[in-house]
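A quick write-up on the structure given underneath.
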Amino acid sequence: MRLRLPTLTLSLVGMALLVYPIPSLSELLVYDRQAILAGQWWRVGTAPLVHFSFSHLGWDLLVFGAAGWAIETARYRKFWLVCAIAAVGPGLLYLLTAPQLAVYGGLSGLATGAVAYLCLCAICTGGKSSPIWLVILVLMGIKILAEAVGDEAIFVRAGGIPFRVLPLVHLVGVLGAVVARLCSFFSSNQSPGSLSDYP
Amino acid sequence: MRVTSIVVSLILSALLISTLAACVRFTDKARSRYASSVVDYLYPQKEVAEIPSIPQLSLPLRVGVAFVPESSRMSRPDSLSEKDKLDLMQRISAEFRSLPFVKDIELIPSAYLMPGGSFTNLDQIRTMYGVDVMALLSFDQVQHTDEGLLSLSYWTIVGAYVIRGEKNDTSTMMDAAVYDIASRKMLFRAPGTSHVKGSATLVNLPEQLRADSAEGFSLAADNLVVNLNGELQRFQAKVKEQPEEYVVRHKAGYTGGGSLGGTFALALLGLGGLALWRNKKG
């Protein structure tokens with residue numbers, strides 16, 4: 001079987017790696033409420049490419065890269081939809097509901113969405129590992145709930161600046177995964193692969 | 001004969017009195033206590049009590065660091081200069097600077113703190129510098145020139161701190177009390193102590209005592225920084241564990257984003273890897 005190149009995953013990882021060391025590019029792409037309201041709408045979608053510290057970048061890329069690679073290699077469809085919802089959704093929601101949030105960035109919404117999508121697809125296609133995928137989904141749910149209810153991560157610093165963890169970003173990622181899975185399920189002539197195709 | 005003995009007695013008495021007076025003078029000169037007190041600064045009128053309310057911490061915080069004014073009865077000519085105080089404040093403020101919820105640190109010059117200024121003075125500083133929280137630094141330094149003559153018993157905001165002294169020793173106590181200005185609530189405090197053993201002789205006593213004084217402050221500041229670090233960790237845990245005692249919110253204009261965290265990311269990767277391996281194997 002031919003190995004399929006995970007183009008979407010590699011493109012997003014490459015862009016995030018390119019943006020991080022160039023501050024002027026980060027400033028141009030980050031979610032900046034004032035700039036968006038002044039007409040720079042692309043920032044709503046490009047914010048996930050911007051990271052505030054090396055560890056912020058590293059963990060996000062590691063999880064997104066691994067999950068995205070597994071998804072694309074297994075030929076699960078509609079992964080682009082997960083990425084689109086997880087990239088644009090939080091920016092739009094914050095623009096409408098969180099006027100106090102001035103700056104936002106990070107790929108963790110896409111990473112969470114990718115992991116959730118991988119789990120949903122793997123569970124739906126069956127296999128020995130279904131219980132493990134279910135455990136991962138449950139763990140992610142617990143983390144998002146703990147962040148939302150307990151405000152556990154209020155004391156976080158990234159790149160020398162005080163930083164607030166936004167659980168909604170992860171929640172939108174999971175919702176993107178559910179929507180993409182439903183679209184995939186209802187679309188006709190769909191022939192998704194399975195994780196046994198994974199090289 | 002009788003007259004002669006009376007004259008001799010008078011001369012001896014005069015000599016004895018003058019000797020005793022000299023001793024008292026020597027003892028007074030030898031005693032040296034140099035102090036400032038948070039209690040005197042915040043609560044100058046003991047009958048008036050400030051009732052703290054629940055602190056509402058708007059993150060990220062702006063923190064002010066300042067030395068409270070020295071007690072006039074316990075000052076001395078070679079007291080800490082403004083530069084010395086700024087140096088000490090900078091060392092202590094470095095601990096706050098590393099905190100995730102602190103945005104800015106302002107070092108407040110001593111001239112802005114009035115003796116007995118209490119929270120009214122702190123409110124003025126809050127307006128001038130825009131700080132939310134103040135770290136009030138105070139100290140008590142005693143240089144003992146006679147064994148057991150003077151021990152250092154410093155009244156901190158939570159009780160007395162006693163250090164006994166030996167001859168020519170320098171005992172120093174520094175205290176950092178961190179207050180939320182708006183609620184009048186003390187968030188936490190940390191002490192720092194030092195004890196410099198005396199090596200001075202009568203010939204170099206003043207110079208050596210001055211050097212010991214500076215060393216005492218420096219060592220106490222080092223100790224304070226270590227204790228402050230521990231107290232800051234405990235404070236962060238307390239804020240999370242007791243949300244009913246501290247209201248935490250974020251100021252307008254904050255930065256945010258998703259964060260997976262190392263532990264969670266590794267857990268995801270581990271479990272995902274295991275699942276993929278089982279699939280491949282099966």
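Using the Cβ-Cβ distance between A:L93 and B:E244 with R0 = 25 Å, the FRET efficiency computed as 1/(1 + (r/R0)^6) comes to roughly 0.25.
Each residue of region B:220-226 was assigned a 3J(HN,Hα) from its phi angle through the Karplus expression (A = 6.51, B = -1.76, C = 1.60, θ = phi - 60°), giving 5, 5, 4, 5, 4, 4, 4 Hz with x at Gly and Pro.
Relative to the current alpha-carbon distance between A:L145 and A:S11, full extension at 0.36 nm per residue lengthens the span by 45.2 nm.
What does the net charge come to around A:Y117 if you take all other residues with beta carbon closer than 14 Å to its beta carbon, with K and R at +1 and D and E at -1?
+3
Compared with the alpha-carbon gap, the fully stretched path from B:T263 to B:R91 is longer by 58.7 nm at 0.36 nm per residue. Counted by neighbouring Cβ atoms within 10 Å, the residues B:R184, A:R181, B:R210 run from fewest to most as B:R210, B:R184, A:R181. Subtracting the Cα-Cα distance of B:S98 and B:R234 from their residue separation scaled by 0.36 nm leaves 47.5 nm.
Treat the count of other C-beta atoms within 10 Å as a stand-in for reagent exposure and order B:K238, B:K85, B:K197 from fewest to most. Write down the numbers at each step before the final one.
Details: B:K238 14, B:K85 20, B:K197 10.
Ascending Cβ contact count within 10 Å gives the list B:K197, B:K238, B:K85.
Arranged from fewest to most other beta-carbon atoms within 10 Å of their beta carbon, B:S37, B:S71 become B:S71, B:S37.
Among the trypsin sites (Lys or Arg not before Pro) in region A:1-84, those located in a DSSP loop and surrounded by at most 12 other Cβ atoms within 10 Å of their own Cβ are A:R2.
Given the convex hull over the Cα atoms of chain A, what projected area results after averaging over all orientations, in nm²?
11.9
Distance between the pseudo-spin-label points of B:A211 and A:R4 (7 Å out from Cα toward the beta carbon): 7.8 nm.
Since every read-out is calculated from the coordinates, none of them should be taken as a lab result. Computed from a predicted structure; not experimentally measured. Here the Cβ is made from the backbone with ideal geometry for all residues, glycine too, and neighbour counts use every protein chain on show.
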